[in-house]
Amino acid sequence: MTTEIDWEALRASAREAMTHAYVPYSNFPVGAAALVDDGRIVSGCNVENASYGVTLCAECGLVSSLAMTGGGHLVAFACVDGDGNTLMPCGRCRQLLYEHSAEGMLLETVSGIRTIDEVLPDAFGPRQLVEYRRGHAGGGDIDND
Ligand code: THU
């Protein structure tokens, strides 16, 4: 599967997205791009905020673009810093990506091509919620005692 993915095109798309970053506070622009299972490429850049914690990572924009342009699942992902070098998605963004990942999604990382399961092992995801609900079908309200 790795050989079918045009990583250079994904990197180029991430670099282009990075040029749109709004980073007056960190001066650390980030661009992210991903191949969707229908063949399109979605991307995003980080957008900071005077209230620092409200900052949107590049992956947030990417996932928003995914939903806005037809949904689907992410097959391959690349992220770059301001020099165009590969950057690891932060922990929160690994979770964001996991939610929308295709089975076996690949990421370009600082240690080579890795799967989403390698960068977010034993992940919490939609399946856990479905299994919980299934086990509690007809069980009424959740009792927190
Ligand atoms: N950043 C991202 O956009 N994605 C990541 O996965 C890592 C961090 C941004 C957030 C902030 O604007 C800047 O990088 C410095 O933390």
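Annotations
- Dimensionless Rg ratio for the stretch 15-145, taking C-alpha atoms and the 2.2 N^0.38 Å reference: 1.19
- Once backbone amide H atoms are built at 1.01 Å from N, S101 has L74 as its partners under 5 Å, excluding neighbours fewer than 5 places away on the same chain.
- Across the chain, Cα pairs under 8 Å and at least six residues apart give a relative contact order of 19 percent.
- Vicinal HN-Hα couplings computed from phi for the stretch 16-30 (Karplus, 6.51 cos²θ - 1.76 cosθ + 1.60; Hz; Gly/Pro x): 5, 4, 4, 5, 9, 4, 10, 9, x, 9, 9, 6, 10, x, 9
- Spin-label model distance (nm) - T19 vs S64, 7 Å beyond Cα toward Cβ: 2.1
- Per-residue ³J(HN,Hα) for the stretch 32-38, Karplus 6.51 cos²θ - 1.76 cosθ + 1.60, θ = phi - 60°, Hz, x for Gly and Pro: 9, 9, 9, 8, 9, 5, 9
- Calculated FRET value between D38 and I113, using beta carbons and R₀ = 22 Å, to 0.05: 0.55
- Taking other C-beta atoms within 10 angstrom as a stand-in for reagent exposure, E99, E48 fall in the order E99, E48, fewest first.
- Applying 1/(1 + (r/R0)^6) with r as the Cβ-Cβ distance of V54 and D83 and R0 = 41 angstrom yields a FRET efficiency of 0.95.
- Cβ crowding within 10 Å ranks L87, L35, L62 as L87, L35, L62, fewest other Cβ atoms first.
- Extension gain, Q128-E8: 0.36 nm per intervening residue step, less the Cα-Cα distance, totals 39.7 nm.
- Exposure proxy order (Cβ contacts within 10 Å, fewest to most) of Y22, Y132: Y132, Y22
- Coupling constants for the stretch 80-86 follow from the phi torsions by the Karplus curve (6.51 cos²θ - 1.76 cosθ + 1.60, θ = phi - 60°), and in residue order they are 10, 8, x, 8, x, 8, 4 Hz; glycine and proline get x.
- Once the C-beta distance of H136 and Q95 is scaled by a Förster radius of 22 Å, the resulting FRET efficiency is 0.40 to the nearest 0.05.
- Dividing the summed -39500 (n - 2.57) terms of all DSSP H runs of n ≥ 4 by the residue count of the chain sets its mean residue ellipticity at 222 nm at -9000 deg cm²/dmol.
Rule-based calculations on the coordinates, nothing more; no lab input. Here the structure is a predicted model, which means the values were calculated and not measured. So basically every Cβ, Gly included, is an ideal-geometry build from the backbone, and we count neighbours across all protein chains shown.
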